[in-house]
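**Q** One structure coming up, written as structure tokens, with questions to follow.
The values are calculated or read from the model by the stated rules, or taken from the named source; none is laboratory data. Treat the numbers as computed from the prediction; the structure is a model and nothing was measured. Positions of Cβ are generated from backbone atoms using ideal geometry, with glycine treated the same way; all protein chains shown enter the neighbour counts. Calculation scope for accessible area: heavy atoms of the full protein, side chains included, ligands and nucleic acids excluded. Shrake-Rupley method; radii C 1.70, N 1.55, O 1.52, S 1.80 Å.
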Amino acid sequence: MKMNPFLLDKQSPDLARSTKEYAGSFLAVSAATLAGLLIAQRWGDDPVVLLYILPVLGAAIYGGLWPAMFTAVTSTLAYNFFFTAPYRTFLIHSPADVTTVVVLFLVALVTSQLASQLRDQARLAAAHAARNGTIAGFARKLLSCASEQDISQTAVDELADLFGCNAVLVAETNGPHMAASAPSQAALAPSDLAAAALTLATGQPAGRGIQGVNLVDWHFRPVASNRAVLAAVGLARDDGSVPITESQTLLLENLLDQTALAIERARLESDVRDVVLLRERDAIRSGLLASIGEDVKPRLTAIGAAARELKRSGQGSKSVITGIATEVIKLDRYIDNLLNIGPVEERLPISIRNLTIDLHLRIVRKAGVEVHLTPKEYGVLSELAKHQGRVLPHRQLLMAVWGPAHSDQIDYLRVAIRSLRQKLEQHPEAPVLIVNEPAVGYRLDPGRA
């Protein structure tokens, strides 16, 4: 993972190659010439020409195009000087030797071109593999972070290490502010914050090196998803130079895309946790309210009835009995108010075709007329209404309405469904509201009649 992206730059051809590369090419040609002189003494000059292909290939593979071209010219001159008559001159008398020298030069030239192209492709493939490895390692580190703050700090630490510069991440919460930095003492001047704010607002790069702007120290790029700009990452060097080159831009953008994915993941996970906590809170609230309704309210009713009975019989102090009755009425009213408190969506009636199902008040109306349902019928209908459009398996309906002990009693469910169709369907023999999915279960079709 610790791979400096500066090593991934593709080197461009240059006439001013290092002395070492050209010296190596000259030595390779000299070695081929020496070997040719030894071979020529026994087998003649004809086999010698093939020896000069090897230095050209070596120069193209290890040095690139221009060292290979230099080797091709040197090989041709060496062959002409040592192996064509008149010897030890660059003159050629024989047309066959002219052809041999020209062909040697052309072969060396084409070979150097092909070998150089293969070398460049190999370097490019290695650069792509290194870049993909860098991106994968970067993504793995972000994946191990749990919170958005951890992701931000890990991202700037890795970017600072990879690009060999300072890095910050600027978020916008009540104005742009630095959420993470590497090193920790990195600071942003007001002009740098303004450049970061521009990136956050437009989703475009800003700062040093962008369209020749060098008035600020930091180079900012957006951390953006498909929906919004999530943050801005800034890079800067201590010497004030532009922190990234053009060839490193693609790598940086890929790493910022990984950062955006990680931040979005953290935010989604946070939202899911909030929803889970909200549901747990609502479940606790519902349980408490149900407990109040089922346990406390009947006892208050009994106390109120006892107070009224005492008042009618004339036993005890009337003022005390009246006070008790008044307090019972107040407590009863408070409990009724508590039971009516709940999320808005739980109190809104569900409208399906010509039915209105009020799960809060447990009232079902067909075309505006209230329909009386038994507790089991209402339980089945309410369960289907909560998941309208979805097929609920027989077992799920039986467990929700009759309990786990009756989860295999499909006949119970069929009787309830038949009764519901008689009461709610326009044509019970051809139901369109409560639809049967053979061998699976039932669903409440929300489509319009």
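**Q** Take segment 200-217 and flag every residue that is surrounded by 16 or more Cβ atoms within 10 Å (Cβ to Cβ), of a type in the set (A, V, I, L, M, F, W, C) and either more than 23 Å from the chain's Cα centre (by Cα) or under 16 Å from Ser241 (Cα atoms) (or both).
**A** Listed by number, the residues that qualify are Ala206, Ile210, Val216.
**Q** Restrict the check to segment 370-387 and report whether at least one residue is without any contact (Cβ under 8 Å) to a residue 60 or more places away in the chain and at positive phi.
**A** Checking segment 370-387: not a single residue is without any contact (Cβ under 8 Å) to a residue 60 or more places away in the chain and at positive phi.
**Q** Does any residue of segment 413-420 turn out to be touching a Ser or Thr at 6+ places or on another chain (Cβ under 9 Å), modelled with pLDDT under 85 and on the phi < 0 side of the Ramachandran plot?
**A** No, the conditions are met nowhere in segment 413-420.
A quick yes/no check of all residues on (1) over 26 Å from Gly447 (Cβ atoms); (2) without any contact (Cβ under 8 Å) to a residue 40 or more places away in the chain; (3) open to solvent by 10 Å² or more (accessible area, probe 1.4 Å); (4) of a type in the set (A, V, I, L, M):
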site: Leu397; (1), (2), (3), (4): no, no, no, yes
site: Ala400; (1), (2), (3), (4): no, yes, yes, yes
site: Asp408; (1), (2), (3), (4): yes, yes, yes, no
site: Val415; (1), (2), (3), (4): no, yes, yes, yes
site: Leu420; (1), (2), (3), (4): no, no, no, yes
site: Pro428; (1), (2), (3), (4): no, yes, yes, no
site: Val435; (1), (2), (3), (4): no, yes, yes, yes
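**Q** Looking only at segment 406-449, which residues are under 17 Å from Lys386 (Cα atoms) and in a loop (DSSP other than H, G, I, E, B)?
**A** Matches in segment 406-449: Leu433, Asp445, Pro446, Gly447.
**Q** Return a yes/no flag: does segment 351-362 have any residue that is assigned to a helix (DSSP H, G or I), over 30 Å from Asp295 (Cα atoms) and either under 42 Å from the mean Cα position of the chain (by Cα) or without any contact (Cβ under 8 Å) to a residue 60 or more places away in the chain (or both).
**A** There is no residue in segment 351-362 that is assigned to a helix (DSSP H, G or I), over 30 Å from Asp295 (Cα atoms) and either under 42 Å from the mean Cα position of the chain (by Cα) or without any contact (Cβ under 8 Å) to a residue 60 or more places away in the chain (or both).
**Q** Please go through segment 240-260 and give me each residue that is among the hydroxyl-bearing types (Ser, Thr, Tyr) and either open to solvent by less than 10 Å² (accessible area, probe 1.4 Å) or modelled with pLDDT of 90 or more (or both), ordered by number.
**A** Thr259
**Q** Further question on the same structure: Is there a residue in segment 82-94 that is touching a residue at least 60 places away in the same chain (Cβ under 8 Å), open to solvent by less than 60 Å² (accessible area, probe 1.4 Å), among the aromatic types (Phe, Trp, Tyr) and under 30 Å from Glu21 (Cβ atoms)?
**A** no
**Q** Here is a check on your reading of the model: is Arg365 at pLDDT below 90, out of contact with any His (no Cβ under 8 Å at 6 or more places or on another chain) and of a type in the set (Lys, Arg)?
**A** No.
**Q** Any residue that is in contact with a Pro (Cβ under 8 Å, 6 or more places away or on another chain) and of a type outside the set (A, V, I, L, M) - is there at least one of those in segment 246-253?
**A** yes
Quick grid of which residues meet (1) touching a Leu at 6+ places or on another chain (Cβ under 9 Å); (2) open to solvent by 10 Å² or more (accessible area, probe 1.4 Å); (3) touching a residue at least 12 places away in the same chain (Cβ under 8 Å):
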{"position": "Gly133", "(1), (2), (3)": "no, yes, yes"}
{"position": "Ala136", "(1), (2), (3)": "no, yes, no"}
{"position": "Leu142", "(1), (2), (3)": "yes, no, yes"}
{"position": "Ile151", "(1), (2), (3)": "yes, no, yes"}
{"position": "Ala155", "(1), (2), (3)": "yes, no, yes"}
{"position": "Gly164", "(1), (2), (3)": "no, yes, yes"}
{"position": "Glu172", "(1), (2), (3)": "yes, yes, yes"}
{"position": "Ala186", "(1), (2), (3)": "no, yes, yes"}
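**Q** While we're on this one: Report yes if some residue within segment 377-392 is open to solvent by less than 60 Å² (accessible area, probe 1.4 Å), assigned to a loop (DSSP other than H, G, I, E, B) and touching a Gly at 6+ places or on another chain (Cβ under 7 Å); otherwise report no.
**A** Looking through segment 377-392, at least one residue is open to solvent by less than 60 Å² (accessible area, probe 1.4 Å), assigned to a loop (DSSP other than H, G, I, E, B) and touching a Gly at 6+ places or on another chain (Cβ under 7 Å).
**Q** If you take the residues in segment 188-199 that are without any contact (Cβ under 8 Å) to a residue 24 or more places away in the chain and touching a strand residue (DSSP E or B) at 6+ places or on another chain (Cβ under 8 Å), which one is most open to solvent (accessible area, probe 1.4 Å)?
**A** Out of the qualifying residues, it is Leu198.
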